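Heads up, the thing below is written out as C-alpha cells.
The values are calculated or read from the model by the stated rules, or taken from the named source; none is laboratory data. What you see is a predicted model; the values in this text were computed from it and never measured. Here Cβ is always computed from backbone atoms with ideal geometry, including for glycine, and neighbour counts include all displayed protein chains.
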Amino acid sequence: MKTILISVCSFACGLYHAQEKSSDNFQFGATLKASINFTSKENKNRLKNEPVLFFKISTSFGVANTWLSKSFYPSLNTEIHLYNGGLGSDNVRKSAANRMILDAIFALTLTSGFDYNTDTHNPLKYFGDFTIPALNNPYSVSGSLGTNFIFTTDKKRETQRVGFAGLNVKGVQAFTYNDGSFFAKMFLGDGEDRYYTGGGGLSYTASWRKAEDIRDASLELSYHKFTGYTDETFQLSYDIGASMVTYKDEDQYKYNKSLWKLSARYTENNVGYGVNINQYNSAKWDAQHLIHWLTYCPYHFVPYNKFYSVEPFLYIKKQ
C-alpha cells in the first residue's frame, strides 16, 4: 500500500511541476456516469443470477501533461464505481445493503504519439470502458502503456494490479488489459489471474463542431472477464494439468462472469447519453476460455446462465 501511494503521489507531483513549465499542454477533467441494467427473461433465477434491475454510478478524474517533449504524455486517472450487480459482484449477498460494492482504480499511463493537437476529442483510454474517460487523447496516432491499482470495499476480494495497452489511429482505438501475460513480466500486472483479470475492446469516436458547440459520437465493442481467487490456485491447477481452476472457498466461483458489450453514445456540450447491449456469461463466446484452451491453461468455470441486458446511461463531462 505504501509503495502504491508513493508512486501515485510522485507521479502527480511530476505532472504538477511539468504543468508549471508548460501550462498550455496541461489537461484535467472529470466525468460522472449513471446507468441501469434491465435484464432478459433468461435471468429468471434471482437466487442464482443477477437482480432483475441493477445499477452503476461511476466517476473519473484525470490529469495529464507533456513530458520532455510533445511526443510523451503521462497521465494520472482515478475511477470510482458504486454498483449492486453485474461484473464484480458475487450474487450471494441476501440484503440490498450488502450487495453494494465500491471499487476505486488508480491508473498511471504513458502515451506517446504523432501529430499532437489539443483540439482533438478522442478519449484517452487507460483501463476498460466502465466509465467515460475524463481526458482527451491529444494525438492522431498513438500508443499507450500503463498500470492500474484496484481497491475495493468487498471484504472477499484483495487489492490487485492490472496492466493496460492501447493503440489509437485517428479515432479508431484498440485496447487490452490483463493482470498476467506480458504485463506481469513488465511488472504492470500482478500475475495472479483474478478479479479484473482481462478484457479488451475496439472503438471508433468521431467529433465535430457546430458553431461553438463540440459534439462527438462513439461506437464500441468490448469483452471483459471477472473471476474469483484463491492464493496460488491458478498456478497449482496449471502445474497438475487441471482443466478448471478450483477455489478453496466455493463462494469465489460466484465472482466468475464474462461480458460482451456493444456500446453507442453521443455527447453535446459535455452532456451525453447512450446505451449498452450486454451479453453475460456465454460459454460459447467466452474469449478467456478460448485463450486458455489455446495456451493449455485452466479456465475459470462460470456458474451462471447466459442472459442479456439493456443498459441506458447518462453522463456529464468537465474539461
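With the condition kept exactly as written, say whether any residue in segment 207-220 is aromatic (Phe, Trp, Tyr), part of a strand (DSSP E or B), out of contact with any Pro (no Cβ under 6 Å at 6 or more places or on another chain) and within 24 Å of residue 278 (Cβ to Cβ). Checked against the condition, which is being aromatic (Phe, Trp, Tyr), part of a strand (DSSP E or B), out of contact with any Pro (no Cβ under 6 Å at 6 or more places or on another chain) and within 24 Å of residue 278 (Cβ to Cβ), segment 207-220 yields no hits at all.
Residue-level check: of (1) assigned to a loop (DSSP other than H, G, I, E, B); (2) crowded, with 22+ Cβ neighbours inside 10 Å; (3) out of contact with any helix residue (DSSP H, G or I) (no Cβ under 9 Å at 6 or more places or on another chain); (4) not β-branched (Val, Ile, Thr), residue 187 misses just (2).
Yes/no matrix, rows are residues, columns are (1) surrounded by fewer than 13 Cβ atoms within 10 Å (Cβ to Cβ); (2) among the polar types (S, T, N, Q); (3) out of contact with any helix residue (DSSP H, G or I) (no Cβ under 7 Å at 6 or more places or on another chain):
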residue: 269; (1), (2), (3): yes, yes, yes
residue: 281; (1), (2), (3): no, yes, yes
residue: 284; (1), (2), (3): yes, no, yes
residue: 287; (1), (2), (3): no, no, yes
residue: 310; (1), (2), (3): no, no, yes
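Going through (1) surrounded by 15 or more Cβ atoms within 10 Å (Cβ to Cβ); (2) modelled with pLDDT of 90 or more; (3) under 21 Å from the mean Cα position of the chain (by Cα) one by one, residue 215 falls short only on (3).
Within the option set 129, 119, being without any contact (Cβ under 8 Å) to a residue 12 or more places away in the chain and either loosely packed, with under 15 Cβ neighbours inside 10 Å or closer than 25 Å to residue 205 by Cα (or both) holds for one residue only, 119. Among the residues making up segment 29-58, those that are touching a Lys or Arg at 6+ places or on another chain (Cβ under 9 Å), surrounded by fewer than 19 Cβ atoms within 10 Å (Cβ to Cβ) and modelled with pLDDT of 90 or more are 30, 32, 34, 36, 57.
Residue-level analysis places residue 200 outside the set of residues that are at pLDDT 95 or above, over 23 Å from residue 89 (Cβ atoms) and either within 13 Å of the chain's Cα centre (by Cα) or buried (at least 20 other Cβ atoms within 10 Å of the Cβ) (or both). Summed over segment 249-272, residues that are farther than 17 Å from residue 87 by Cβ, within 19 Å of the chain's Cα centre (by Cα) and of a type outside the set (Gly, Ala, Ser) total 1. Screening 108, 82 for residues that are crowded, with 17+ Cβ neighbours inside 10 Å, modelled with pLDDT of 80 or more and within 15 Å of the chain's Cα centre (by Cα) leaves exactly one candidate, 108.
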